[in-house]
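Report on the structure given below.
The values are calculated or read from the model by the stated rules, or taken from the named source; none is laboratory data. None of these values were measured; they are calculated from a predicted model. Cβ placement follows ideal geometry from the backbone for every residue including glycine, while neighbour counts extend to all protein chains displayed. Just the protein is used for accessible areas: all its heavy atoms, side chains included, with ligands, DNA and RNA removed. Shrake-Rupley method; radii C 1.70, N 1.55, O 1.52, S 1.80 Å.
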Amino acid sequence: MTPNIEKSPAGVQIEKELWGKSPDGKDIFRYTMTNVSGAKVQLSDIGAGIVSVVVPDRDGNMRDVALGYAEADSYFGDGPCLGKIPGRYANRIAKGHFVLDGNEYVLPVNNGCNHLHGGPDGFQNKVWESRINGDSVEFMYYSEAGEMGYPGTLKAVARYDWSEENELRLTITAESDAPTVVNLTNHAYFNLDGEGYGNILGHELCLNASEYLPTDDTLIPLGESEPVAGTPMDFISPKTIGRDINEDFAALKYGKGYDNCWLIDGAEEGVIQTAATLFSPASGIELEILTTQPGVQVYTGNWLSGCPQGKNGHVYNDYDGVAIECQKYPDSPNRPEYPSAVLRPGEVYEEAIIFSFRTR
């Protein structure tokens, strides 16, 4: 296919190309958004996912800082959910069931005894409809009522914008024709040294969160949040991810590293604020993540080994990337005290996540 190149009013060049076919024969498209400086983002309509993010380091050399696979086929059914939008409910729902308006819904169990990321046939494994819309790339997916056990037909739209300031903005909206639950995020893994350049344990992480959610050994929250102060979960001040990752601490033992939800301080519905800052001392690249979401799940790629081959012939190992997922809290459908994940007819789910890259 000859690439279809369009230039947005903002000056960002957007290229669309045929990348492959899905197992059921659907065309898979890949989009490349390039700004004037040459920094670029690649997206795919498999799970409305991020395939690559190429930005300059402190010396002006371009580095691809997002983990990704070499082949489109590798994105279907991969364990890490690399770069994609999981759904209908990102993260875990205990025992694969919840009750809404007095009705119990049973979901497939695909992570130990729990339901994870919408189940084995979740949004991340679907080919979304896609298009260039002005200076944005938009993806849309219709989830039929009963798909993976969820009530209501849901229309989800993900829009990506890439700026001249190397800021990637993701806006996700959803509407349903019946009461349902929804929790959508992006599951990109970042390595600010460059994908394939080793692990992220030397990256410095700072979280705008003074509390986190302790879990049981299946990573389901126990209930109330606890202060991070005095624990390995404290990232209020920047510290390297690897400093405390091997401490004898329940959360780190359960997840083989960090895989918990932190409560963003001062989170307010519809208000953008900083959730996290990630920095590589080696490359000088800093990533600030801002969001309207109330929580941020940090997953340090504890089970990346054995995933499909990455770009440029790279083989990813455990801890080679970190996912910083802005979202509702895990198991919220079973926890009325948590921020609600319920979406009703006539309401619009709308959340934003901004990935802002710079150097220092």
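Checking the table 40/239; 95/253; 126/256; 21/84; 84/256; 126/328 against a 25 Å threshold on Cα-Cα, which pairs fail? Listed pairs above 25 Å: 40/239; 126/256.
Taking all protein chains together and rolling a 1.4 Å probe, residue 206 ends up with roughly 40 Å² accessible.
Projected label points at residue 303 and residue 145, each 7 Å from Cα along the beta carbon direction, are separated by 3.4 nanometres. Taking only the Cα atoms of the range 92-154, the radius of gyration and Dmax are 14.4, 44 Å. The heavy atoms of residue 163 offer some 30 square angstrom of accessible surface to a 1.4 angstrom probe. Going by accessible surface with a 1.4 Å probe and the largest first, 92, 58 read 58, 92. Both the radius of gyration and Dmax for the range 96-251 are 19.2, 51 Å, in that order, over alpha-carbon atoms.
Over the range 1-159, one equal point on each Cα, no solvent: what is log10 I(q)/I(0) by the Debye formula at q = 0.11, 0.12, 0.18, 0.21 Å⁻¹? So the normalised log intensities are -0.51, -0.59, -1.09, -1.32. Karplus-based coupling profile of the range 308-318, in residue order and whole Hz: x, 4, x, 5, 6, x, 6, 10, 8, 10, 3, with θ = phi - 60° in 6.51 cos²θ - 1.76 cosθ + 1.60 and x standing for Gly or Pro. Candidate values (1) 24.6, 80; (2) 20.8, 70; (3) 19.1, 59 were compared with Rg and Dmax of the Cα atoms in Å computed on the shown model; the agreeing label is (3). Ranking of 195, 71, 204, 224 by solvent-accessible surface, largest first: 224, 71, 204, 195 (1.4 Å probe, protein heavy atoms only, all chains present). Residue 170 contributes an accessible area of around 0 Å² to the protein surface, as traced by a 1.4 Å probe with all chains present. In units of the compact-protein estimate 2.2 N^0.38 Å, the range 112-192 shows a Cα radius of gyration of 1.24. Among the protein heavy atoms of the chain, carbon and sulfur supply 46% of the accessible surface, probe 1.4 Å, non-protein parts ignored. Only Cα pairs under 8 Å and 6+ residues apart enter the sum, and on that basis the relative contact order of the chain stands at 18 percent.
Rolling a 1.4 Å probe across the protein heavy atoms gives the range 91-202 an accessible surface of 36 Å² per residue. Among 165, 129, the order of accessible area from largest down is 165, 129, computed with a 1.4 Å probe on protein heavy atoms.
As an equivalent ellipsoid, the range 265-360 spans semi-axes of 30, 19, 12 angstrom, where each value is the square root of five times an eigenvalue of the C-alpha gyration tensor, largest first.
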